[in-house]
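In what follows, a single structure is set out as structure tokens and then discussed.
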Amino acid sequence: MITVRTIQELRSQIAGMKKQISKPEVTVGFVPTMGYLHEGHASLMKQARNKTDIVVLSIFVNPIQFGPNEDFESYPRDEKRDLAVAEKEGVDIVFIPSVKEMYPQPTKTTIKVAGLTERLCGASRPGHFDGVTTVVAKLFNIVQPDFAFFGMKDAQQVAVLSQMVADLNMPVTIVPCPIMREDDGLALSSRNVYLSSEERSQALCLSRSLSLAEKASKERPDITIGELRSLVTAEIKKSPVAVIDYVEILTFPGLQPVHEEQKLTDLEDVIVALAVKFGKTRLIDNHRLQKVKVVSHV
Ligand code: PAF
């Protein structure tokens, strides 16, 4: 595994590796991350390893996707451990640029995906998605991957980036990968380290509430969106330290609101998306309720 810190070195390493592989079309798989890698990231690297010839991982805590009062400075970092995880997953090249390498001068160009970034985390974290789309577009231009792997825990990010790639004809396929959870249901996140043990056990209300939504969707397919939202909200509110930022039920991947009176049966796929604070830590989680396709036998 090779570690590189400059764009020039990265490009020359990818070109060199491509030449060494004697195949007509060598594919590059890319896993962009902010580091502090966990099993969720490892699952993305595994998928990339299975699907593509050259696997590139980037580790970059991107300042322009953090708001002024957010955790950019304190975001957890552990390069040594990250490199060990990447090595174990068979990554070929790890790209760890400095802020100066990525932004030698403040960027005057930003990418904004309208329509998908106004709700959910886009509403709570103004400017966040412009920072994500801008850095991911830069990374795509630098790495030029054929496939890029993203976890569905950030479902809005997957929807926004898929839209960006389609709108701008970027020659890369976004591969959404399933949410990875601890055995007790907590979705894996680099920010879980911030939780005290009390907050961590209270945070299980997120996955519990999503399981309730899944169960209700199967047992009562004619449940309304309003009823479903109440069910999820009530479960979260059982946790005394949980402070709800949002509990939203939207279409997926369009992320459009649905009327409270509407029945689940009348809708295509929807996503139940949550953002909840436990102490200082804001966690997100979601679950996609997929429409059961009725097969008619004639
Ligand atoms: O999901 C993340 O870790 C970040 O938003 C990403 C995609 C690496 C961009 O900085």
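The values are calculated or read from the model by the stated rules, or taken from the named source; none is laboratory data. In this text the structure is predicted, and so the values were computed from the model without any measurement. Positions of Cβ are backbone-derived with ideal geometry, glycine not excepted, and every protein chain shown enters the neighbour counts. Side chains are part of the model used for accessible areas, which takes the heavy atoms of the whole protein and leaves out ligands, DNA and RNA. Shrake-Rupley method; radii C 1.70, N 1.55, O 1.52, S 1.80 Å.
For segment 52-88, which positions are of a type in the set (D, E, K, R) and either more than 26 Å from Met17 (Cα to Cα) or open to solvent by less than 20 Å² (accessible area, probe 1.4 Å) (or both)?
Glu70, Asp71, Glu73, Arg77, Asp78, Asp82, listed by residue number.
Of the residues Phe140, Phe149, only one is out of contact with any Gly (no Cβ under 8 Å at 6 or more places or on another chain) and aromatic (Phe, Trp, Tyr); which? Full working, then the answer.
On the way: Phe149 fails: out of contact with any Gly (no Cβ under 8 Å at 6 or more places or on another chain).
After ruling out the rest, the residue left standing is Phe140.
Just to be sure I understand, how many residues within segment 166-182 are under 21 Å from Ser43 (Cβ atoms) and not hydrophobic (A, V, I, L, M, F, W, C)?
5
If I ask for residues that are open to solvent by 20 Å² or more (accessible area, probe 1.4 Å) and touching an Asp or Glu at 6+ places or on another chain (Cβ under 8 Å), which ones from segment 195-218 would you list?
Passing the criteria: Leu204, Arg208, Leu212.
Give segment 89-127 a look and list any residue that's among the hydrophobic types (A, V, I, L, M, F, W, C) and loosely packed, with under 12 Cβ neighbours inside 10 Å, or say none.
Ala114 - this is the single residue of segment 89-127 that is among the hydrophobic types (A, V, I, L, M, F, W, C) and loosely packed, with under 12 Cβ neighbours inside 10 Å.
Say whether the condition of being farther than 19 Å from Asp285 by Cβ, at pLDDT 95 or above, assigned to a helix (DSSP H, G or I) and within 13 Å of the ligand (Cβ to nearest atom) is met by at least one residue in segment 101-111.
Scanning segment 101-111, I find at least one residue that is farther than 19 Å from Asp285 by Cβ, at pLDDT 95 or above, assigned to a helix (DSSP H, G or I) and within 13 Å of the ligand (Cβ to nearest atom), so the answer is yes.
Output the residues belonging to segment 128-158 that are within 13 Å of the ligand (Cβ to nearest atom) and either among the polar types (S, T, N, Q) or farther than 28 Å from Val4 by Cβ (or both).
Thr133, Thr134, Met152, Ala155, Gln156, Gln157 - these are the residues of segment 128-158 that are within 13 Å of the ligand (Cβ to nearest atom) and either among the polar types (S, T, N, Q) or farther than 28 Å from Val4 by Cβ (or both).
Okay, residues lined up against (1) within 17 Å of Ile284 (Cβ to Cβ); (2) among the hydroxyl-bearing types (Ser, Thr, Tyr):
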| residue | (1), (2) |
| --- | --- |
| Ala159 | yes, no |
| Thr173 | no, yes |
| Asp184 | no, no |
| Asn192 | yes, no |
| Arg200 | yes, no |
| Leu204 | yes, no |
| Arg208 | yes, no |
| Arg229 | yes, no |
| Val232 | yes, no |
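Hey, any hits in segment 87-98 for a residue that's farther than 20 Å from Ile142 by Cβ and outside any helix (DSSP H, G or I)?
yes
I'm checking my understanding of the structure. Among residues of segment 151-165 that are open to solvent by less than 30 Å² (accessible area, probe 1.4 Å) and under 8 Å from the mean Cα position of the chain (by Cα), which one is farthest from Gln47 (Cα to Cα)?
Gln156
Does Ala234 meet the test of being outside any strand (DSSP E or B), among the small types (Gly, Ala, Ser) and touching a His at 6+ places or on another chain (Cβ under 7 Å)?
no
Anything in segment 159-190 that is within 13 Å of the ligand (Cβ to nearest atom) and either among the hydroxyl-bearing types (Ser, Thr, Tyr) or modelled with pLDDT under 95 (or both)? List them, or say none.
Ser162, Ser189, Ser190
Does Thr117 satisfy the condition of being assigned to a loop (DSSP other than H, G, I, E, B), within 14 Å of the ligand (Cβ to nearest atom) and either under 22 Å from Ile244 (Cβ atoms) or touching a residue at least 60 places away in the same chain (Cβ under 8 Å) (or both)?
yes
Is it the case that some residue within segment 266-284 is modelled with pLDDT of 95 or more, part of a helix (DSSP H, G or I) and out of contact with any Gly (no Cβ under 9 Å at 6 or more places or on another chain)?
There is no residue in segment 266-284 that is modelled with pLDDT of 95 or more, part of a helix (DSSP H, G or I) and out of contact with any Gly (no Cβ under 9 Å at 6 or more places or on another chain).
Within segment 14-27, is there a residue that is closer than 27 Å to Ala155 by Cβ and either over 19 Å from the mean Cα position of the chain (by Cα) or crowded, with 16+ Cβ neighbours inside 10 Å (or both)? Steps first, answer last, please.
Keep residues of segment 14-27 that are closer than 27 Å to Ala155 by Cβ, which gives 27.
Next, only the ones that are either over 19 Å from the mean Cα position of the chain (by Cα) or crowded, with 16+ Cβ neighbours inside 10 Å (or both) stay: 27.
Among the residues of segment 14-27, at least one is closer than 27 Å to Ala155 by Cβ and either over 19 Å from the mean Cα position of the chain (by Cα) or crowded, with 16+ Cβ neighbours inside 10 Å (or both), which makes the answer yes.
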